[in-house]
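Working notes, beginning with the structure itself.
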Amino acid sequence: MRREIPMIVAFVAGVIIILEFFVPALRDVAAGIQNWYLVVVAFAILVGAFNLLRMNYMKIRHRRADWPYSIILIIGLFGMGLTGLIGGIDADTTFDWLFNYFMFPMSSTMFALLAFFVASAAYRAFRARTVDATLLLAAAFIVMLGQVPLGSFWVPSWWPFFLSPAWLKDRIMEIGNTAGQRAILIGASLGVVSTSLRILLGIERSYLGEE
Amino acid sequence: MRSAFLGVVSILALVAAATGQTLRAAEGLNASDTPIDAGGSIDVTWQPSPSEAAGKTPVLGYEVWRAERVTGEYKKVGSVDPGKPSYAFTDNAAENGVTYFYKIRVRNEKMSTDTAPLGPAKASAQWFHPERLNMLIASIALSAFVLYYISQARAGREFFIRRIAGLEAVQEAVGRATEMGKPVLFVPGIADVDDIQTIASLTILGRVATMVAEYDADLLVPCSRSLVMSTAQEVVKEAYLEAGRPDAYQRENIRYLTDDQFGFVAGVDGIMIRDKPAANFYLGTFYAESLILAETGHSIGAIQIAGTAMPSQLPFFIAACDYTLIGEELFAASAYLSREPRLLGSLLGQDWGKVIILVFIILGVFTAFLDQFGVEIFGRSINLAQLFDVR
Amino acid sequence: MDGLTLVGIWIAAVLTLCILSFLYKDNPFYKFAEYLFVGVSAGFWIAYNYHNLLKPNLLQPLFGAPGEKGAFAVIFQDGRMDFRVLTVIAGLLGLTMLFRFFPKVAWVSRYGIAFSVGLGAGLAFIVYLHANCLAQIKGTIIPPLVFNDGFDLGASLANTLLIVGVVSALVYFYFSKEHTGVVGGVARLGIWFLMVSFGAAFGYTVMARISLLIGRMEFLINDWIKGTLAALGLL
Amino acid sequence: MKFVLWLADIDRRILFLLIAVAVVVPILAPIGMPVTVTPQSKSIYDEVEALPPGSNVIVSFDYDPATEPEVHPMALSFLRHCFEKQHKVIIMALWPQGAQMAVRALAEVGGDFDLEYGRDYVNLGYKPGGDIVIKSMGSSIWEVFPRDMAGRSTASLPLMAKVQSLNDVALVMDLSAGDPGIPAWVRVGNALYHRKIAGGSTAVSAPQFFPYLQTGQLIGLLGGLKGAAEYETLIKYPGAATRRMDSQSVAHLVIIIFIIFANVSYFISRRHKEGAGAGRAAGPPGTP
């Protein structure tokens, strides 16, 4: 019973959503249960936060490596969380200020690390070891060259247009990129559909854990 | 009705003529249930009053009035501004099954004129979306393929499945981590459990966890969603049980960090750089963080196996990881690793789906070619592309 | 620039440098920023979820919002039925998640999990079949030889390559046959198309990533250094 | 030979340093490299040029500070172009922080023109709902946005008195960093109401919009920083994007040179000692 009833819950929820696509009359029912999901997520985050707190509390208590940093984590968690819960999250609140000067710079700098990592990954991966690697390398090389003004700088006037990096780049994006991405999308959609089906019918139930 | 309409109009015209002005009623009023909806609404349409184009006094607007009986009490349900070639108003305040009568009132600064009432109109919900028949057929056909081969598998039929290099390497990676006495890191993506890629990833996590339990290595699973963490705990616990080592299961190794995309990456990078796992798995839905994880993982010398169906992130995994499961291979992984007949069966169903798709594309390409020259059958274009139009 | 903003910019600049220091190697500054970031962002999403999910989707429908009666008030005070009361079920499903705090009864949370997974499976079934399958097939059904007022060589080449690319790459994803012989050859061509697509997407994305770094560097140079100098009257 | 081997397995931190230098130096000392204009950017410019002065243009701000470096310069030069041609600009946002970005953009551009709020431009603010918002705007903008960002009644603003629905709008420019954004405007604004839609997006999203250009559902597209720089070139007002393109060019050049180095050293070291490629095989794995 610990697995059967949850499986029925999953089935009913999923089937309503699928039917709603074909049955306009179910619109409000489907919209209703989609809202329920948001409530479940909102409750679940408490479980996560509790887990995070517990892990870091244990670390401080047992004086494990790096424990002083856990204090900072807990201060950050409570500082940001309580400010938002009590003072609201709209523009010009304290929460907003904390977001702008604490969270946003860290988030965008973490994101910006990618500028360095695309360089190091390209340096390592783009070597003409095999046919596959050479195609990967050639496509990336031409597209990068075609992207920046520098790429069309050196092109003399007699150079045929179909060999200019900018023109080649557009064709590679249009044809090569579209073809590959499209096949991935179609293939993956079949995988998704059959996995969904297995979940709804209870064939795939590993997510429910042990008996 | 028509005579009543003419009657009202003519009386109003007489009144207007007597006062030296005219404002003629709107024309062509029509009211009917809004097609293909969940009910609760009626579409009202009409043509402008002839006075709108000709009149010296500008028309200020139109009002929609509604009653439940033709002679009943009319209430205003909406208004529309003038200046259009034709008008449409959707009355969203209708109750299903109730009969309604509508009239349109046109106003200028001095006076207003009503049309004759029109009705009855009823709102109702529709039970089928006819323009989505193709989706219904596709859903049923694909489901039928998958279910047929699952049942064949249950009946004991054996299936062949081609080699997937990334999955062959899973055992090797876990084994290497054990030899080196280092942990295995598994990142199940940053999406929640409502994403199928996450579920596929958690299924693979079950297999990986069984291997880890058998080898007696450590398994670290940082999660960016609470629901994923909860599910991962269940899955791993079950795997350890299956491997006969329930005592080795450590719940605190499957932990939540933060829902935030880059906050999560900062945390996982920290785990990698300090716990130095020897095998990293990145399976599931990834966004921009893919390359940050893979490059950090490479810098600590771990074997890295990635897999995602996000086309935008595959290039980065391909470039920075040792093995990458591309798109559908991620969904084939659980079947491949477990060799469970039912899962293998559904894989064969997917393959038949692909065959049908290929047939449609190849036939379709011919029809699209002929379509350029206006080839028709029974007066309709033969282009197969239109079959795949979904509204 | 007011004092509070200047303080904020200094904090932002120091945190930016802390994160960047990770590129050199792991160090206490990065560790500080990392732990702070995890904590702050977890707190952020708790507050965000409360205000954007829990309040509008559970609390307000049941208990009312300013100027609007909740379902309980309508039912118990006015004696009328209000279907928003069904939101209680959502609350119960959510509450099952809290059972995870107690390992003995943690299994109760499977109701919440199963509901979420089932809902996601239903949605994915439709969305993927619609947008990623049928729509993409439709996009591939194009004439391989294009005639617009005569034969169009460029468009024909582009279309033919696209069709061949999609078909061969799809064959690569065929699982229940060994990739040898004709199937193997076509699948091989498919991999080449996939590789070109990955290389192209990689090369194309470099610009977006460099843009992010430019954004951070401009912040450090313009807002922080020049801003501080300007505030001190040195610029 | 030693150098070649060193180069093949270079400490990636040297590469990081070079990237940082490549980005920072042009910020401090702009080079001013010329930008070539692509047809998809030119067509947006041409459309704005061709509209009769005083046409109503919607600019939808669907991005946030995270993508500011790429998308904001587009907003600046597009607004500048519209104001130059005396078009009426209606600003709205499908992203929560979009409306704030618009306020910033207006503050940066507005000063150069003699503009009056309510007559020359309005800011209707943010409205959640994506597709549904656009769909409702098809029947009445006044109903979707009863009040502007400052709380004034929309219908009472002189500019908006003449703009009742999408039918009264000549062009929509969507500045988009993701969803909702360009796809929503194409699906609803173009497909249902036949409005002309132009787009500006981050470089990451741009490729997925190419099909819309092919079918004419989008009249033009500014892709990433390059697209923004192209528009600055078109209106002859080089700004942040053109400046940032210098950093882009140099950083791309650094990466390209390193890829060449990597291959040269790979081939030399392979010829020297068969199979002694540096690092672990990182080619396209997972494939036979």
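No lab work stands behind these numbers, since they all come straight from the coordinates. Treat the numbers as computed from the prediction; the structure is a model and nothing was measured. Positions of Cβ are generated from backbone atoms using ideal geometry, with glycine treated the same way; all protein chains shown enter the neighbour counts.
Quick notes on this structure:
- Helix B:341-371 and the longest principal axis of the C-alpha atoms of chain B enclose an angle of approximately 50°.
- Prolate/oblate/rounded call for chain C, Cα gyration tensor, a/c under 1.5 rounded: oblate
- Once the gyration tensor of the Cα atoms in segment D:186-237 is diagonalised, the equivalent ellipsoid follows with semi-axes of 22, 13, 8 Å, ordered largest first.
- Relative contact order, whole percent, for chain B stands at 14, derived from Cα pairs under 8 Å and 6 or more residues apart.
- 25 °C / 0.890 mPa s Stokes-Einstein diffusion coefficient of segment D:146-256, Kirkwood radius on C-alpha pairs, µm²/s: 153 µm²/s
- Shape call, segment D:39-237: gyration tensor on alpha carbons, a/c limit 1.5: rounded
- Relative contact order of segment C:107-165, pairs being alpha-carbon contacts under 8 Å that are 6 or more residues apart, as %: 23 percent
- Label-to-label distance, nm, for residues given as B:E376 and B:L241 (7 Å Cα→Cβ offset): 6.6 nm
- Residues whose amide H comes within less than 5 Å of that of D:G220, counting only those at least five positions distant or on another chain, are D:G199 (H built at 1.01 Å from N in the peptide plane).
- Unit charges at the beta carbon, dipole of the protein assembly as shown: most positive-side option, B:L60, A:I86, B:Y240: B:Y240
- DSSP beta bridge pairing in the protein assembly as shown, given as percent antiparallel to the nearest 5: 45 percent
- Residues in segment B:192-201 carry Karplus couplings, in order, of 8, 5, 7, 9, 5, 4, 5, 5, 4, 5 Hz; the curve used is 6.51 cos²θ - 1.76 cosθ + 1.60 with θ = phi - 60°, and Gly or Pro positions show x.
- Solvent-free Debye calculation, one equal scatterer per alpha-carbon of segment B:226-298: log10 I(q)/I(0) at 0.13, 0.21 Å⁻¹ equals -0.46, -1.06.
- Under 5 Å from the amide H of B:D37 lie the amide H atoms of B:Q126, each residue being 5 or more positions distant or on a separate chain, with H modelled from the backbone and absent for Pro and chain starts.
- For B:A141 and B:S299, a Förster radius of 45 Å and the Cβ-Cβ distance give a FRET efficiency of 0.40, rounded to the nearest 0.05.
- Inter-label distance for B:Q126 and D:L253, nm, one decimal - labels placed 7 Å from Cα along Cα-to-Cβ: 6.1 nm
- In chain C, Cα pairs under 8 Å separated by at least six residues give a relative contact order of 12 percent.
- Here is the P(r) of chain B: all C-alpha pair distances, binned every 10 Å from 0, give 5, 16, 18, 12, 12, 13, 12, 8, 4, 1, 0 in whole percents.
- Segment D:130-173 and segment D:230-275 have Cα centres lying 45 Å from one another.
- Largest to smallest principal axis extent of the C-alpha atoms in segment A:23-84, angstrom: 59, 23, 12
- Taking amide H as placed 1.01 Å from N in the peptide plane, the amide H of D:L171 sits under 5 Å from that of D:I58, each at least 5 places away or on another chain.
- In terms of its C-alpha gyration tensor, segment C:142-235 has an oblate overall shape, because the principal axis ratio a/c (a ≥ b ≥ c, square roots of the eigenvalues) is not below 1.5 and a/b does not outweigh b/c.
- q = 0.05 Å⁻¹, the protein assembly as shown: log10 I(q)/I(0) [Debye, one scatterer per Cα]: -0.35
- With eigenvalues of the C-alpha gyration tensor scaled by 5 and rooted, segment B:315-391, Å: 38, 18, 9
- Percent of C-alpha pairs per 5 Å bin, segment A:1-135, short to long: 2, 7, 8, 9, 11, 11, 10, 12, 14, 11, 5, 1
- Helical mean residue ellipticity (222 nm; -39500 (n - 2.57) per DSSP H run of 4+; nearest 500) of chain B: -14500 deg cm²/dmol
- The string of couplings for segment D:73-89 from the Karplus curve (6.51, -1.76, 1.60, θ = phi - 60°) is x, 5, 4, 4, 6, 5, 4, 4, 4, 4, 5, 4, 7, 6, 6, 8, 10 Hz, one whole number per residue in order, with x for Gly and Pro.
- Helix D:224-234 and the longest principal axis of the C-alpha atoms of chain D enclose an angle of approximately 60°.
- Cα-centred dipole magnitude for segment C:175-235, charges only on beta-carbon of K, R (+1) and D, E (-1), debye, nearest 20: 100 debye
- Given B:K182/B:K237; B:K237/C:K104; B:K76/C:K55; B:K76/D:K88; D:K42/D:K85; B:K84/D:K196, the pairs whose alpha carbons are separated by over 23 Å: B:K76/C:K55; B:K76/D:K88
- For segment A:1-75 versus segment B:312-391, the spacing of their alpha-carbon centroids is 33 Å.
- For segment C:7-121, the Cα-based Rg and Dmax, in that order, read 21.5, 68 Å.
- Theoretical ellipticity at 222 nm over chain D - DSSP helices of four or more residues, -39500 (n - 2.57) apiece, nearest 500: -14500 deg cm²/dmol
- Note on B:T71/D:L192: beta-carbon distance plugged into 1/(1 + (r/R0)^6) with R0 of 51 Å gives a FRET efficiency of 0.85.
- Placing +1 on the Cβ of every Lys and Arg and -1 on the Cβ of every Asp and Glu, with no other charges, gives segment B:122-168 a dipole of roughly 80 debye about its Cα centre.
- Summarising the label geometry, the points placed 7 Å from Cα in the beta-carbon direction at C:F147 and A:I5 lie 6.8 nm from one another.
- Of all DSSP beta bridges confined to segment D:39-237, the antiparallel ones make up roughly 5%.
- On Cα atoms only, tilt of A:178-200 relative to the major axis of chain A in degrees: 20 degrees
- Selected from D:K236, D:K196, D:K42 as most flexible by GNM, with chain D as the system and alpha-carbon contacts under 10 Å: D:K236
- Mean residue ellipticity (222 nm) of chain C, computed from DSSP H runs ≥ 4 via -39,500 (n - 2.57), nearest 500: -21000 deg cm²/dmol
- Solvent-free Debye scattering, log10 I(q)/I(0), computed from the Cα coordinates of segment C:32-84 at q = 0.19, 0.20, 0.23, 0.25 Å⁻¹: -0.66, -0.70, -0.80, -0.87
- Using R0 = 60 Å, the C-beta based FRET efficiency linking A:F162 and C:V88 works out to 0.35.
- Centroid-to-centroid, using Cα positions, segment B:225-245 and segment D:74-115 are 52 Å apart.
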